[in-house]
Amino acid sequence: MDKTYNPKNIETTWYQFWEKEGYFAPAGGGDPYCIMLPPPNVTGNLHMGHAFQQTLMDILTRYHRMNGNQTLWQCGTDHAGIATQMVVERQLELKGQSRHDLGRETFTQAVWKWKEESGSTITNQSRRLGTSMDWSRERFTMDEGLSDAVKEVFVRLYDEGLIYRGKRLVNWDPVLHTAISDLEVISEEEDGNMWHIRYPRCDGKGHVIVATTRPETMLGDAAVAVHPEDERYQDLIGHDLELPLTGRKIPVIADEYVDPEFGTGCVKITPAHDFNDYEVGERHTLPLINIFTHDARITSKTGMELEHHDNTATRYVLEDADIIGIPQAYRDKDRFEARKLIVQDLEAADLLEKIEPHKLMVPRGDRSGAVIEPYLTDQWYVKIQPLAEPAIEAVEKGDIKFVPGNWDKTYYEWMRNIEDWCISRQLWWGHQIPAWYDPDGNVYVGRNEEEIRQKYASHLTPDTSLVQDEDVLDTWFSSALWPFSTLGWPEKTPELETFYPTSVLVTGFDIIFFWVARMIMMGIKFMGDVPFREVYIHGLVRDSEGQKMSKSKGNILDPLDLIDGIDLEQLVQKRTTGMMRPKDAEKITKQTRKHFPEGIDSYGTDALRFTFASLATQGRGINFDVGRITGYRNFCNKIWNASRYVMMNLDASELDVNDEDRELGLAEHWINARFSQAVDQVNTGIATYRFDLAAQAIYEFIWDEYCDWYLELSKTTLTDDTATEIRKRGTLFTLVNILEQLLRLMHPFMPFITEEIWHRTAPRLGNDGNTIMQQPFPKTSEVTESARAVLTEMSWVKLFILGVRRIRSERDIAPGKPLAVQIMGGTEDEKSFLQANSSYISTLGKISSITSVEESPDDAIIALAGDMTILVPLTDIIDPKAESARLEKELARLNNDKGRIEAKLNNRNFIDRAPEDVVNKEKHKLEETLASIAKLEEQHQRILKLL
RNA sequence: GGGCGAUUAGCUCAGUGGGAGAGCGCUGCCUUCACACGGCAGAGGUCGCUGGUUCAAUCCCAGCAUCGCCCACCA
C-alpha cells in the first residue's frame with residue numbers, strides 16, 4: 001500500500017464496476033425503501049447544493065441497502081421550462097436569431113437536441129460523487145410516460161372542475177413574455193420616488209392629491225378611493241375627478257382598503273395593473289383598463305371592442321387606446337420612458353405637487369431579472385382549495401412528518417393561505433396544454449385530438465377544425481407528479497405497488513412550496529396516499545462567510561473542483577467568465593486570489609462527502625469552509641494508514657488469524673465494546689437524520705479510540721516476545737476484524753476508500769464478496785456486565801497512562817526517556833488493574849519500573865489515577881518552583897469544585913428535593929475531590945520544603 | 001406587518017435541567033519502525049442581556065438587544 005491515500009486512482013474504477021454490475025438496482029426481498037431524487041434541471045451543472053443533498057440521499061440509500069432493504073433511489077432530470085428555453089434562446093441570440101425566427105417546431109427540436117447533448121453533464125457529475133442511483137430507471141419529465149401522466153392528471157382535474165381557464169391578473173414577465181408564479185417573483189428594495197399628483201375635481205372645487213410610485217399607471221386609473229369614514233372626503237364620494245392627460249372622468253369611491261393615515265388618504269385605483277386595485281375594482285365593478293402591451297409598452301391598439309369579463313358580474317376590459325384616452329405621444333413607448341414623459345407633462349400642467357425619494361420593493365422575475373408587471377391575461381388555473389385541505393390534514397394527522405419538526409409550521413402557513421395555482425406559461429418548451437379550441441373559441445380538453453372528437457362528437461362535426469392551446473404547463477406541474485409518474489403511473493406497475501409511498505423526501509426548504517406541497521396534494525389526489533412518509537429538510541449550502549453562493553458574487557465552489565483540485569488561474573477564469581456584470585470581474589479575481597492563493601487542493605470524493613455529512617446539522621445555513629474538508633481528507637489518510645498498519649502486521653506474521661484458537665486481552669475486549677457503541681451512535685444518527693452526529697461518532701471512534709489507543713495497545717502485544725501465540729492471534733484478529741467492520745460502518749459515508757480497503761481486508765477473514773456495497777451493515781452487541789467492567793478497567797488504565805504522560809510533558813522530560821514510577825495507595829480494584837495491565841501501561845507510558853511505596857518521597861512529581869497516586873522522583877530534573885506552581889493551580893481547581901459541591905450538599909432543599917441518585921453522586925464526587933485535595937496538599941507541603 | 005430561527009472558545013459549529021465539548025487555528029515538545037494529511041501535552045469560554053420558574057438554568061418561560069431567513073406589503 002502507498003504511504004499516502006490517493007483517491008484519484010480508485011474512484012472512477014470502482015464506480016464503473018458498481019454500475020456495470022448493476023449493484024444500484026433494487027434487490028432482495030426486504031422491506032422496500034425508496035427515495036425520489038429531486039430532479040435537477042436537465043441542462044444544469046452540479047452545484048454544491050446538489051452535491052450536499054445527493055450525498056445525504058446516498059448515505060441513506062447505501063445504509064438501507066446494506067441493511068437488507070429492497071432499495072430504490074429513483075433518479076432523473078427535469079425539463080425546467082423557462083431555464084432551459086432561455087439557455088437555448090441565448091445560444092440563438094449569439095447567431096443573431098430569436099426563437100420566432102425558427103418557429104415553434106424547429107425551436108423545440110433545437111431544445112431537444114441541446115438536451116441530448118448536455119443532458120448527461122449533470123448525471124455524470126452525480127456519478128463522480130459516488131451516488132448509487134438506479135440509472136437503469138432514469139426518467140425525464142418530458143419522457144413519453146411522464147407526459148402521459150401529465151395529460152392524464154390535467155384531463156381528470158379538468159373533468160372534475162378543478163382546472164379552469166380565466167382572465168386574471170398574473171405576474172407577467174415582459175422580457176420572457178410569460179406568466180410566472182408568485183414564487184418566481186423576487187421582491188427587493190430599490191430606490192425610487194413617490195410622485196404626488198393633483199387630480200382636479202370636476203365641480204371646480206380644487207383638486208385631490210394622490211401619491212404613486214408608478215405615475216405611468218395613471219393612464220389606467222378607473223377611480224380614486226378614499227376611506228368610507230374619512231371626514232375630509234365625505235363630500236367627494238360619488239363625485240367625479242378629471243383624470244389628467246386623458247380627458248377621462250373617474251369617480252371617487254369609498255373602500256376600506258384605503259388607510260386614511262397614509263399620505264393624503266386618496267388612492268388611485270388601477271384595477272388592471274395592481275393586485276390590490278384589482279380587488280377594489282371587483283368590489284366596485286370598475287372597468288379593467290389595460291394600458292400595456294406584452295412588452296410593457298404603452299398600448300397603441302385601437303378599434304377594439306369592449307370585452308365582457310365573465311368572471312364577475314359586469315366588468316369591462318378596456319384595451320382601446322382611443323377609448324382609454326392615451327395621448328398619441330405615449331403610445332408604443334416603453335413604460336419607463338412613458339413615465340418620464342408623463343411626469344414632464346404633469347409638471348408642465350402644474351399638476352405635480354411634489355416628488356419625494358422613496359424606497360420601494362421592486363418585483364423582478366427570478367430568471368430574467370425584468371421588473372414584473374401585474375398584467376391581465378387568459379390563463380389556466382388549478383382550483384387549489386379542495387386539494388390543499390387533505391394535504392394539510394395529512395401532516396396534521398402525522399401521515400407525513402417533517403424533520404426538523406418545526407417546518408410543518410411553515411407548511412401550514414403557506415397551505416392555509418394558498419391561492420389558485422396558475423399553471424399555464426407562454427413558453428414553447430414544456431408540456432403543451434391538452435386543450436383544443438374550435439373556430440368559435442369553445443374549449444375541449446382531452447388526452448389528444450382524437451379522443452376529443454369522440455368525446456364531444458355531439459358538438460363537433462368531423463370537419464370542424466381544432467387548434468391546440470399554445471401554452472405549456474408550469475414545470476412544477478409535472479414535478480408534482482414525480483413520485484408516482486416515475487414509477488409508471490397511470491399504469492399499475494409492480495414498482496408503483498412496491499415503492500409508493502416512498503420512504504423519505506430529502507430537500508431544501510427553498511422548494512417546500514414549489515414542490516413538496518404540490519407533490520403532497522397530487523399524491524393524495526391521484527394515489528390516494530401521501531407520496532412520502534417523511535420530509536427531511538436540510539440547510540442550504542453557503543460560502544464560509546454565510547453568503548449565498550452565486551455567480552455574481554464570484555464565490556461559487558464547484559464540487560468537482562474540491563474532488564479533483566484546480567489551480568488558481570483556472571479557478572479565477574472559471575469564476576469570471578460568462579458573468580452578467582463583467583464589471584465585477586476585477587473584484588472577484590482579487591477576492592479569489594486572496595482566498596485561494598494556491599488554488600484548491602484535490603481532496604477526493606470521500607473527503608467531500610464526509611464533510612457534507614458532518615455539516616448536516618439542523619441549522620438553515622451550511623457554511624462551507626474549505627478548511628473543514630482538509631481535516632476530513634486527513635481523516636481519509638488516517639484510515640488508509642491505520643489499514644496499512646494492520647496489513648503490515650498481518651503480512652509480518654505467520655499466524656492464521658482465522659484459526660479460532662485465540663485469546664483476547666483487555667484491549668481487544670475494550671475495542672469490541674466501544675465499536676458496538678459507535679455502531680449504535682451511527683444507527684441513531686441516521687435514523688434521526690443527524691448525519692453530523694453519525695459522522696462525528698465515526699470520526700471519534702476511528703481517530704481517538706481505534707488509532708490513538710487500540711493500535712498502540714496492539715503494538716505492546718505484537719512486539720512482546722513473551723506473549724503467547726493465541727494472544728497474538730487474538731490481537732491480529734481483532735485488528736483486522738474491527739477494521740473490516742469499520743469499513744462497513746463507514747461505507748455509506750465514504751464509499752470509495754472503504755471499497756478499496758475492504759477488498760484488501762475482507763479476504764484475510766475469508767470473505768471473498770464482490771463488493772462491500774452488498775455486505776451487511778455492522779450489528780451492535782448487547783452491553784453486558786463484563787463489557788461494562790472492561791470499559792471501567794480500560795478507562796482507569798488510560799487515566800494512569802495519561803497521568804504519566806502529563807508529568808513527562810509538563811516537566812519537559814524527553815519523550816523517549818524511560819521513567820521509574822512509584823505508586824502509592826489505590827483501591828484493590830486499581831491495584832489489580834495495574835498488575836493485570838502493566839505491559840500496556842509500561843509501554844504506552846514509557847515506564848522502566850513501577851514500585852510501590854508507603855510514603856511519598858520529597859522530590860517527586862505527582863499525578864492521580866483515581867485513588868492511586870503516581871509519583872515520579874526526579875532529583876536532578878525537578879524544579880520545585882514550577883512543581884509548586886503546578887500543584888497550586890491544580891489545588892485551586894479542586895478547591896473550587898469542593899466549594900461548589902459543598903454548597904449544594906449543605907442546601908437543605910437540595911438534599912430534600914433532588915433525586916436520591918443525584919445527591920449520592922454529589923456526595924461521592926465530594927469524597928473523591930477531598931481525597932485528591934489531601935494527596936496534592938501533602939505533596940505540596942513536601943515540595944515547599946525544597947524551596 | 002405576520003411567521004420562523006439564531007446568539008456557546010479566535011473562527012466554524014455540536015450539546016445537556018445537576019461536573020462546559022469538537023474540528024480548524026494557537027502554544028510547547030517530538031522527524032518513536034501506520035500516518036508530519038502525524039504523535040504527545042497544553043492555553044483559551046461569567047454559554048447575548050435582564051427577570052422569572054426550580055433545590056439546581058448555558059438548557060425551560062417572559063421581556064430586551066443584535067443578526068438572519070421566509071411570507072405579505074400602504075398607494
Please go through region A:609-630 and pick out each residue that is in a helix (DSSP H, G or I) and within 19 Å of A:Gly685 (Cβ to Cβ).
-> A:Arg609, A:Phe610, A:Thr611, A:Phe612, A:Ala613, A:Ser614, A:Leu615, A:Arg628
Qualifying strands (runs of 3 or more DSSP E) (wholly inside region A:148-201; at least 2 residues being more than 16 Å from RNA strand B (Cβ to nearest atom)) = A:163-173
Determine whether A:Met36 is in contact with a Pro (Cβ under 7 Å, 6 or more places away or on another chain) and under 29 Å from A:Gly546 (Cα atoms).
-> yes
Going through (1) in contact (Cβ under 8 Å) with a residue 60 or more places away in the chain; (2) open to solvent by 10 Å² or more (accessible area, probe 1.4 Å) one by one, A:Val153 fails only at (2)
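So which of A:Gly369, A:Gly430, A:Gly405 ends up being farther than 25 Å from A:Gly528 by Cβ, buried (at least 18 other Cβ atoms within 10 Å of the Cβ) and under 28 Å from the mean Cα position of the chain (by Cα)?
Numbers: A:Gly369 fails: buried (at least 18 other Cβ atoms within 10 Å of the Cβ); A:Gly405 fails: buried (at least 18 other Cβ atoms within 10 Å of the Cβ).
The conditions single out A:Gly430.
Output the number of residues of region A:180-215 satisfying the condition of being hydroxyl-bearing (Ser, Thr, Tyr) and under 18 Å from A:Leu241 (Cα atoms). Reasoning before the result, please.
Going through region A:180-215, the residues hydroxyl-bearing (Ser, Thr, Tyr) turn out to be A:181, A:187, A:199, A:212-213.
After this cut, where a residue has to be under 18 Å from A:Leu241 (Cα atoms) as well, the list is A:199, A:212.
Adding up the residues that qualify gives 2.
Can you tell me which of A:Ile862, A:Ile933 is β-branched (Val, Ile, Thr) and in contact with a strand residue (DSSP E or B) (Cβ under 7 Å, 6 or more places away or on another chain)? So that I can check it myself, show each step before the final result.
Working: A:Ile933 fails: in contact with a strand residue (DSSP E or B) (Cβ under 7 Å, 6 or more places away or on another chain).
Checking each option against the conditions leaves just A:Ile862.
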When region A:24-55 is checked residue by residue, the ones that are aliphatic (A, V, I, L, M), over 20 Å from A:Ser136 (Cα atoms) and surrounded by 23 or more Cβ atoms within 10 Å (Cβ to Cβ) are A:Ala51
Checked A:Glu190, A:Glu184 against criteria (open to solvent by 40 Å² or more (accessible area, probe 1.4 Å), of a type outside the set (Lys, Arg) and in contact with a Lys or Arg (Cβ under 9 Å, 6 or more places away or on another chain)); the one match is A:Glu190
Please indicate, with yes or no, whether at least one residue in region A:98-109 is modelled with pLDDT of 90 or more, closer than 24 Å to A:Pro559 by Cβ and of a type in the set (Lys, Arg).
-> no
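Tell me the residue from A:Thr212, A:Thr217, A:Thr270, A:Thr264 that is within 14 Å of RNA strand B (Cβ to nearest atom) and farther than 20 Å from A:Asp350 by Cα, please.
Working: A:Thr212 fails: farther than 20 Å from A:Asp350 by Cα; A:Thr217 fails: farther than 20 Å from A:Asp350 by Cα; A:Thr264 fails: farther than 20 Å from A:Asp350 by Cα.
After ruling out the rest, the residue left standing is A:Thr270.
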Are any residues in region A:839-868 farther than 19 Å from A:Ile813 by Cα, of a type in the set (Ser, Thr, Tyr) and surrounded by 15 or more Cβ atoms within 10 Å (Cβ to Cβ), and if so, which ones?
-> A:Ser839, A:Tyr840, A:Ser856
Could you list, in sequence order, the residues of region A:273-305 that are open to solvent by 50 Å² or more (accessible area, probe 1.4 Å), more than 13 Å from RNA strand B (Cβ to nearest atom) and within 43 Å of the chain's Cα centre (by Cα)?
-> A:Glu282, A:His294, A:Asp295, A:Arg297
Residues of region A:93-127 being under 27 Å from A:Thr61 (Cα atoms) and in contact with a Phe, Trp or Tyr (Cβ under 8 Å, 6 or more places away or on another chain), which ones?
-> A:Gly119, A:Thr123, A:Arg127
Sort out which residues of region A:869-895 are of a type in the set (Asp, Glu), open to solvent by 20 Å² or more (accessible area, probe 1.4 Å) and touching a residue at least 24 places away in the same chain (Cβ under 8 Å), and write them in order of number.
-> A:Asp879, A:Glu888, A:Glu890
If you go through A:Asp659, A:Asp721, A:Asp651, the only one that is surrounded by fewer than 17 Cβ atoms within 10 Å (Cβ to Cβ), more than 24 Å from A:Arg760 (Cβ to Cβ) and not polar (S, T, N, Q) is A:Asp721
Of the candidates A:Glu793, A:Glu810, the one satisfying the condition of being more than 16 Å from RNA strand B (Cβ to nearest atom) and not β-branched (Val, Ile, Thr) is A:Glu793
Counting only residues that are away from RNA strand B (no atom under 11 Å from the Cβ) and among the small types (Gly, Ala, Ser), which one in region A:658-717 is nearest to the chain's Cα centre (by Cα)?
-> A:Ala687
Answer residue from region A:491-505, given it is more than 19 Å from the chain's Cα centre (by Cα), outside any loop (DSSP other than H, G, I, E, B) and not hydroxyl-bearing (Ser, Thr, Tyr) and is farthest from RNA strand B (Cβ to nearest atom) among those = A:Pro494
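Got a sec? Which of A:Ile600, A:Ile622 is touching a strand residue (DSSP E or B) at 6+ places or on another chain (Cβ under 8 Å), over 26 Å from A:Leu745 (Cβ atoms) and more than 6 Å from RNA strand B (Cβ to nearest atom)?
Result: A:Ile600 is the single residue among A:Ile600, A:Ile622 that is touching a strand residue (DSSP E or B) at 6+ places or on another chain (Cβ under 8 Å), over 26 Å from A:Leu745 (Cβ atoms) and more than 6 Å from RNA strand B (Cβ to nearest atom).
What number of residues within region A:470-480 satisfy the criterion of being part of a loop (DSSP other than H, G, I, E, B) and open to solvent by 10 Å² or more (accessible area, probe 1.4 Å)?
Of region A:470-480, the ones part of a loop (DSSP other than H, G, I, E, B) are A:470-471, A:474, A:480.
If we keep only those that are open to solvent by 10 Å² or more (accessible area, probe 1.4 Å) as well, we get A:470-471.
Adding up the residues that qualify gives 2.
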Has region A:890-909 got at least one residue that is closer than 26 Å to A:Ile813 by Cβ and either more than 13 Å from RNA strand B (Cβ to nearest atom) or touching a Cys at 6+ places or on another chain (Cβ under 9 Å) (or both)?
-> yes
Close pairs from region A:529-553: first more than 9 Å from RNA strand B (Cβ to nearest atom), partner β-branched (Val, Ile, Thr) and open to solvent by 50 Å² or more (accessible area, probe 1.4 Å), Cβ under 6 Å, at least 6 apart | A:Met549/A:Ile556
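If a residue has to be free of Cβ contacts under 8 Å to residues at least 60 places away in the same chain, under 18 Å from A:Asp345 (Cβ atoms) and either near RNA strand B (Cβ under 10 Å from one of its atoms) or surrounded by 20 or more Cβ atoms within 10 Å (Cβ to Cβ) (or both) to count, how many in region A:220-249 make the cut? Working first, answer last.
From region A:220-249, those free of Cβ contacts under 8 Å to residues at least 60 places away in the same chain are A:224-242, A:249; that's our starting set.
Within this subset, residues satisfying the condition of being under 18 Å from A:Asp345 (Cβ atoms) are A:241-242.
Then keep just the ones that are either near RNA strand B (Cβ under 10 Å from one of its atoms) or surrounded by 20 or more Cβ atoms within 10 Å (Cβ to Cβ) (or both); that gives A:241.
Summing the residues that are free of Cβ contacts under 8 Å to residues at least 60 places away in the same chain, under 18 Å from A:Asp345 (Cβ atoms) and either near RNA strand B (Cβ under 10 Å from one of its atoms) or surrounded by 20 or more Cβ atoms within 10 Å (Cβ to Cβ) (or both) in region A:220-249 gives 1.
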Within region A:87-129, which residues are farther than 16 Å from A:Pro40 by Cα, open to solvent by less than 60 Å² (accessible area, probe 1.4 Å) and either outside any helix (DSSP H, G or I) or polar (S, T, N, Q) (or both)?
-> A:Ser98, A:Gly103, A:Thr108
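The values are calculated or read from the model by the stated rules, or taken from the named source; none is laboratory data. The structure presented is a predicted model; accordingly, all values stated were derived computationally and were not measured. As a convention, Cβ positions derive from the backbone with ideal geometry for all residues, glycine included, and neighbour counts pool all protein chains shown. Accessible surface is based on the protein model in full, side chains and every heavy atom, while ligands, DNA and RNA are left aside. Shrake-Rupley method; radii C 1.70, N 1.55, O 1.52, S 1.80 Å.
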